[in-house]
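Reading through the structure tokens given below for one structure.
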Amino acid sequence: MSGFPRDRIAFQPIVDLTAWRVTGFEALARFADGAPPPEHLDRAEREGVREELELALIACGIREMELLPRAFSVTFNASGTTILRPELADLTRPITRGWGLEITEGATTADLEQVRARVSAIGGRLLVDDAGAACADETRIARLRPDVVKIDRALFWRIAEDADARRELGGLVGAARDAGARVLVEGVSSAEQVETARAFGADYGQGFHLGMPTFAEGVPAMLAELHRGIGVDAAGL
């Protein structure tokens, strides 16, 4: 189980591909032991405390994002059952910036219509994370009617050489548009991939080319370097 305050939250930029501007960040766990977040989450799942760990990570992210300018929104990852936990409303009530919850791609016992209603009720945006992976499919998009659909990076990377991947991507983008959602592409790692994302109508991008996950105190320097390197604008530059 996580032991704060040694564990930290890093923030990765989300870039509007039309305005070419950072609009927000995803909060990403960085554990003190260096193990990948899925290892901690899987162990917490086995021990029956995954929801508690996810709530602790969200609480840590809310504390650490106070160093970020108010102009930036922040999204947090959570499973469907965590989103339905009553404690979440208390955690998020003090937030004074735009924020959202990214429902993870795995199977969930949570009622998806209840998830959609809960996120709206507590004032957040709902995102479907890793669309194209695990259970994050067109059916989940249609039932959740999210604000943003995030395309899984592995699927995005396959579309250059895989016709099936292109068809799958097309179906997910179509489902997103039918639901009234914006589309965000994960794993953007080059200028060429920026143009690929734009070509199929993605609204936002996220990936190493568009900014590395960075602890909050280092975000201003990271954004300044991003602006110098590829011209992406951001609040405060």
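Taken together, the values in this text are just the output of simple stated rules run on the coordinates, not laboratory data. Predicted, not measured: the structure shown is a model, and the values here were computed from it. Please note: Cβ atoms are built from the backbone with ideal geometry, for glycine as well, and neighbour counts cover all protein chains shown.
Among residues belonging to region 87-127 that are surrounded by 16 or more Cβ atoms within 10 Å (Cβ to Cβ) and basic (K, R), point out the one that is farthest from the chain's Cα centre (by Cα).
R118
Filter region 106-140 down to residues that are assigned to a helix (DSSP H, G or I) and hydroxyl-bearing (S, T, Y) and give me whichever is nearest to V185 (Cα to Cα). If you could, list the steps in order and put the result at the bottom.
Residues of region 106-140 that are assigned to a helix (DSSP H, G or I), as a first pass: 112-121, 138-140.
Remaining after also requiring hydroxyl-bearing (S, T, Y): 120, 139.
Numbers: S120: 23, T139: 19 Å.
Checking each candidate, the answer is T139.
Determine whether G236 is part of a helix (DSSP H, G or I), of a type in the set (G, A, S) and either under 23 Å from P69 (Cα atoms) or more than 20 Å from the chain's Cα centre (by Cα) (or both).
On the way: part of a helix (DSSP H, G or I): no; of a type in the set (G, A, S): yes; either under 23 Å from P69 (Cα atoms) or more than 20 Å from the chain's Cα centre (by Cα) (or both): yes.
Here the answer is no, as G236 does not meet what is asked.
In the set G211, G187, G171, which member is under 21 Å from F25 (Cα atoms), surrounded by fewer than 23 Cβ atoms within 10 Å (Cβ to Cβ) and either touching a Pro at 6+ places or on another chain (Cβ under 9 Å) or not polar (S, T, N, Q) (or both)?
On the way: G211 fails: surrounded by fewer than 23 Cβ atoms within 10 Å (Cβ to Cβ); G171 fails: under 21 Å from F25 (Cα atoms).
Only one candidate passes the filter, namely G187.
Kindly indicate which of P13, P37 is more than 17 Å from G124 (Cβ to Cβ) and in contact with a helix residue (DSSP H, G or I) (Cβ under 7 Å, 6 or more places away or on another chain). Working first, answer last.
Working: P37 fails: in contact with a helix residue (DSSP H, G or I) (Cβ under 7 Å, 6 or more places away or on another chain).
Step by step, each of P13, P37 is checked, and only P13 is more than 17 Å from G124 (Cβ to Cβ) and in contact with a helix residue (DSSP H, G or I) (Cβ under 7 Å, 6 or more places away or on another chain).
Restricting attention to region 157-168, which residues are surrounded by 14 or more Cβ atoms within 10 Å (Cβ to Cβ) and either of a type in the set (A, V, I, L, M) or touching a helix residue (DSSP H, G or I) at 6+ places or on another chain (Cβ under 6 Å) (or both)? Walk me through it before giving the result.
First, pick out the residues of region 157-168 that are surrounded by 14 or more Cβ atoms within 10 Å (Cβ to Cβ): 157-159, 165-166, 168.
Those that are surrounded by 14 or more Cβ atoms within 10 Å (Cβ to Cβ) and either of a type in the set (A, V, I, L, M) or touching a helix residue (DSSP H, G or I) at 6+ places or on another chain (Cβ under 6 Å) (or both): R158, I159, A165.
Mind listing whichever residues of region 171-205 are out of contact with any Lys or Arg (no Cβ under 9 Å at 6 or more places or on another chain), over 18 Å from R143 (Cα atoms) and touching a residue at least 24 places away in the same chain (Cβ under 8 Å)?
A191, Q193, V194, T196, A197, R198
If you go through region 118-125 one residue at a time, do you hit one that is of a type outside the set (S, T, Y) and in contact with a Ser or Thr (Cβ under 6 Å, 6 or more places away or on another chain)? First the steps, then the outcome.
Taking region 118-125 and keeping what is of a type outside the set (S, T, Y), we get 118-119, 121-125.
Restricting the remaining residues to those that are in contact with a Ser or Thr (Cβ under 6 Å, 6 or more places away or on another chain) gives 122.
Yes, that holds for at least one residue.
Are there any pairs, at least 6 apart or on different chains, whose C-beta atoms fall under 7 Å, with the first in region 110-131 and farther than 13 Å from A181 by Cβ and the second among the acidic types (D, E) and in a loop (DSSP other than H, G, I, E, B), and if so, which?
D130/E105; D130/D152
I want to confirm something. Restricting to region 42-86 and keeping residues that are of a type in the set (S, T, N, Q) and over 23 Å from Y204 (Cβ atoms), which single residue is surrounded by the fewest Cβ atoms within 10 Å (Cβ to Cβ)? Talk me through it step by step, then tell me what you get.
Residues of region 42-86 that are of a type in the set (S, T, N, Q), as a first pass: 73, 75, 77, 79, 81-82.
From the residues that got through so far, the ones that are over 23 Å from Y204 (Cβ atoms) too are 81-82.
On the way: T81: 15, T82: 25.
Here the residue is T81.
Say we look at region 128-144 and pick out the residues that are out of contact with any helix residue (DSSP H, G or I) (no Cβ under 6 Å at 6 or more places or on another chain), of a type outside the set (A, V, I, L, M, F, W, C) and over 15 Å from R167 (Cα atoms); which of these is surrounded by the fewest Cβ atoms within 10 Å (Cβ to Cβ)?
Looking at the filtered set, the residue picked out is T139.
Which one is nearest to P13 (Cα to Cα), of the residues in region 188-232 that are of a type in the set (A, V, I, L, M, F, W, C) and not in a helix (DSSP H, G or I)?
Step one: of region 188-232, the residues of a type in the set (A, V, I, L, M, F, W, C) are 188, 191, 194, 197, 199-200, 202, 208, 210, 212, 215-216, 219, 221-224, 226, 230, 232.
After this cut, where a residue has to be not in a helix (DSSP H, G or I) as well, the list is 188, 200, 202, 212, 215, 232.
Values: V188: 11, F200: 21, A202: 16, M212: 7, F215: 11, V232: 11 Å.
So the residue we want is M212.
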